[in-house]
Amino acid sequence: MGNEGAIPGPRTPIPRWAISSWATFALAGGFLCSASAAAPPRPYAANVAKAVCAAGDAQEVGLQGQVTMAERNAGYKGAHCNLTLVSKLPAEFVPEKTRMFSMVRDRAGHLCGIASGEGGTTPTIVADMTDPKRIVETASLTSPAMMRSSEALKVNETRGLLVSTSYVPAHSANTNSEERTLDVYDIGTDCRQPRMLASVQLPFPTKSLKTGYHGFRWPDPDYVMGHEGNFAPDGMTFYVADSNHGVHHAIDLADPANPKLLDTFMAPSWKGYADGPDDSFIAFGAMPHSLSVSPDGNRGYFSIAAFDSRLETIPQTGEWSNGFMVLDTSEIQRRKPGGRMRFISQVALSDGGGHHGPLSVKINGHPYVIDNDEYGAGQLSVKGRLAACRAGLPPSGMARIWDIKNERHPKLVFKLILEVNDPKNCATIEPETIAGDAQWAMFLYDTHLCSVDNRENATVLACGHMQSGIRVYDIRNPRRVKEIAYFNPPAGKPNRVRSCAGIPRLDAKTRMLYSYCGGAGFVALQFKKGVWPFPGSSTPRDMQL
């Protein structure tokens, strides 16, 4: 699709009297400006109205979403607008480490937050958040997948299940059995103490697969590997984005103690990996990364990502398969014998990479997909971000809203462009762009993952960012998105910014938002009265992501 640019507002027909009047004026010798004389709109101009903060809030001092170098050098004190920190709890193991976040309410009414294990060195942590003023760590899960769950960590409240594959970096090529494990826990009986139901390896044939990184040839059969995944909302199927093998898997959890592989799907545009100079990493497009499944289970929205470390900026012409696919998953959902995932359409983008989080929602009854990129048009290097700025492209990854009434031809409706992602502001953010960050040098003001309050009636979008904190947007008018709140935790040390990359979770009844931020740990935040929920907002179970 190339470079989409900004989306114009609704077109208003020009009255006939206006055309006649201008024509008469011109014929009489008046001056009529040509359309080309007006400056064209900048395609990546900031377009998200800034939040109106309450008195006493510690507002951002720089651009929308920015942590200035002066703030970093002095030891960042944090910022918040319309969100109050009720309490926090750093995890016991490596408290500064960024983790992904899930949340569940069990059948006894306990509310638990779960923070992912990372890299095989830190376990998945469970905390009782029933009393948001007193968060208590209750369990650490050390099974193979839970030691490296990261973005693969998901819960399903309807079934009371906690599931994760082992998160494996996309460029890994090894035969480590622990990186080929799926763990399933009962979290519905007592979420404070999850009970293991299964820790299994699921074999599948690999003869038709592309080679892995460094030309790695997969064993045949090999076992399902993970990177991310998600449930069908009824909790009967878990879909896995297997980035290394370049495929998506559908796993049957009808009997959660005995997971079974149902199907494996490869994107038509997947071309595999290649090695660049100096051991650089190239994914030629359509690498599995993230996904969601429609509330009825019949459609899958699966991320496909592209990366090429040889390039400073993403090519604006030619093929760049970064975006999402729409798949028909109805045969899997109804357990048709031999049922398959089937391709419907694909969206490709050239203003970002590491595509993430395509989430199908309804806004005012109309179907949309909300997605984002992990990084901008300059990919993951300082040189790339600076080059993207020079080219007038966004330096960081952003969220988007797509109209999918016609699922074969999704239509871009809105790009959420914060001030930090407007190329005209690149000079303002250049100091922190060049300096990077000791903890998150690859990422800057990128959007990582988002959720909504209710996929069947979405009113707000809540996004976790790499260095811009947690930000919440009013999306009731998807063509005119407004920011309503944000929270960015203090750094604790000079020259550091905490990452709030986990997926925020909302509770309309209590005005609460829960998540996990590196350094702060588990956080319980509350919206100021009158900010959210809106009339009609709700947070039913299993309808936020």
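R408 meets the conditions (1) assigned to a loop (DSSP other than H, G, I, E, B); (2) buried (at least 20 other Cβ atoms within 10 Å of the Cβ); (3) in contact with a Ser or Thr (Cβ under 6 Å, 6 or more places away or on another chain) in every case but one. The failed one is (2). Every test in (1) farther than 23 Å from Q64 by Cα; (2) crowded, with 17+ Cβ neighbours inside 10 Å is passed by I475 save one, and that test is (1). Within the stretch 108-117, the presence of at least one residue that is surrounded by fewer than 24 Cβ atoms within 10 Å (Cβ to Cβ), among the aliphatic types (A, V, I, L, M) and modelled with pLDDT of 95 or more is confirmed.
Looking only at the stretch 117-137, count how many residues are in a loop (DSSP other than H, G, I, E, B), in contact with a strand residue (DSSP E or B) (Cβ under 8 Å, 6 or more places away or on another chain) and more than 15 Å from D190 (Cβ to Cβ). Steps first, answer last, please.
The initial filter retains those residues of the stretch 117-137 that are in a loop (DSSP other than H, G, I, E, B), namely 117, 119-121, 123, 129-135.
Then drop every residue that is not in contact with a strand residue (DSSP E or B) (Cβ under 8 Å, 6 or more places away or on another chain), which leaves 117, 123, 129-130, 132-135.
Within this subset, residues satisfying the condition of being more than 15 Å from D190 (Cβ to Cβ) are 117, 123, 132-135.
Of the residues in the stretch 117-137, 6 are in a loop (DSSP other than H, G, I, E, B), in contact with a strand residue (DSSP E or B) (Cβ under 8 Å, 6 or more places away or on another chain) and more than 15 Å from D190 (Cβ to Cβ).
In the stretch 354-398, the qualifying residues are those that are of a type in the set (G, A, S) and part of a strand (DSSP E or B), and the one that is nearest to D446 (Cα to Cα) is G354. Please work out if S140 is part of a strand (DSSP E or B), surrounded by fewer than 24 Cβ atoms within 10 Å (Cβ to Cβ) and either in contact with a Gly (Cβ under 9 Å, 6 or more places away or on another chain) or at positive phi (or both). Yes: the conditions hold for S140.
Is it fair to say G436 is on the phi > 0 side of the Ramachandran plot, in contact with a helix residue (DSSP H, G or I) (Cβ under 7 Å, 6 or more places away or on another chain) and at pLDDT below 95? Yes; evaluated as a whole, the condition is true for this residue. Yes or no: the stretch 482-491 includes at least one residue that is within 21 Å of Q66 (Cα to Cα) and touching a Ser or Thr at 6+ places or on another chain (Cβ under 8 Å). Checked the stretch 482-491: at least one residue is within 21 Å of Q66 (Cα to Cα) and touching a Ser or Thr at 6+ places or on another chain (Cβ under 8 Å).
Of the residues making up the stretch 176-189, just one is in a loop (DSSP other than H, G, I, E, B) and of a type in the set (A, V, I, L, M, F, W, C), namely I187. State all residues of the stretch 486-545 that are surrounded by 20 or more Cβ atoms within 10 Å (Cβ to Cβ) and among the hydroxyl-bearing types (S, T, Y); if no residue qualifies, say none. Scanning the stretch 486-545 gives Y486, S499, Y514, S515, Y516. Of the candidates S208, S164, the single residue that is within 24 Å of the chain's Cα centre (by Cα) and closer than 26 Å to Y301 by Cα is S164. Go through the stretch 213-319 and tell me which strands (runs of 3 or more DSSP E), entirely inside it, have 1 or more residues that are modelled with pLDDT of 95 or more and among the small types (G, A, S). The strands (runs of 3 or more DSSP E) meeting that bar are 228-231, 237-242, 247-252, 281-293, 299-308.
Every test in (1) surrounded by fewer than 21 Cβ atoms within 10 Å (Cβ to Cβ); (2) out of contact with any helix residue (DSSP H, G or I) (no Cβ under 9 Å at 6 or more places or on another chain); (3) of a type outside the set (F, W, Y); (4) assigned to a strand (DSSP E or B) is passed by M103 save one, and that test is (1).
Within the stretch 56-90, the set of residues being within 22 Å of K528 (Cβ to Cβ), touching a residue at least 60 places away in the same chain (Cβ under 8 Å) and among the charged types (D, E, K, R) comprises E60, K77, K88.
Among the residues of the stretch 190-212, the ones that are more than 21 Å from P169 (Cα to Cα) and either part of a strand (DSSP E or B) or small (G, A, S) (or both) come to 5 in all. Taking the stretch 320-349 as the range and being of a type in the set (S, T, N, Q), modelled with pLDDT under 95 and not in a strand (DSSP E or B) as the test, only N322 passes.
Only strands (runs of 3 or more DSSP E) wholly contained in the stretch 500-545 count here; list those with 3 or more residues that are under 30 Å from G300 (Cβ atoms) and not hydrophobic (A, V, I, L, M, F, W, C).
Counting at least 3 such residues, we get 512-517.
Table: residues versus (1) aromatic (F, W, Y); (2) in contact (Cβ under 8 Å) with a residue 60 or more places away in the chain; (3) touching a helix residue (DSSP H, G or I) at 6+ places or on another chain (Cβ under 6 Å); (4) surrounded by 20 or more Cβ atoms within 10 Å (Cβ to Cβ).
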site	(1), (2), (3), (4)
V347	no, yes, no, yes
G353	no, no, no, yes
H356	no, yes, no, yes
S360	no, yes, no, yes
N364	no, yes, no, no
L412	no, yes, no, no
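Consider the stretch 413-442 and keep the residues that are farther than 19 Å from G75 by Cα and in a loop (DSSP other than H, G, I, E, B). The one that is farthest from the chain's Cα centre (by Cα) is D422.
Among the conditions (1) within 19 Å of G354 (Cβ to Cβ); (2) over 19 Å from the mean Cα position of the chain (by Cα), the only one that M466 does not satisfy is (2). Out of K424, K405, one residue alone is of a type in the set (K, R) and over 25 Å from F343 (Cα atoms). It is K424. What is the number of the single condition among (1) surrounded by 19 or more Cβ atoms within 10 Å (Cβ to Cβ); (2) under 28 Å from D255 (Cβ atoms); (3) β-branched (V, I, T); (4) over 21 Å from the mean Cα position of the chain (by Cα) that T158 does not meet? For T158, the failing item is (1). For the stretch 118-137, the candidate set comprises residues that are more than 29 Å from Y223 (Cα to Cα) and not β-branched (V, I, T); within that set, the residue that is surrounded by the fewest Cβ atoms within 10 Å (Cβ to Cβ) is K133.
The values are calculated or read from the model by the stated rules, or taken from the named source; none is laboratory data. What you see is a predicted model; the values in this text were computed from it and never measured. Neighbour counts are summed over all protein chains in view; Cβ atoms, including those assigned to glycine, are modelled from backbone coordinates with ideal geometry.
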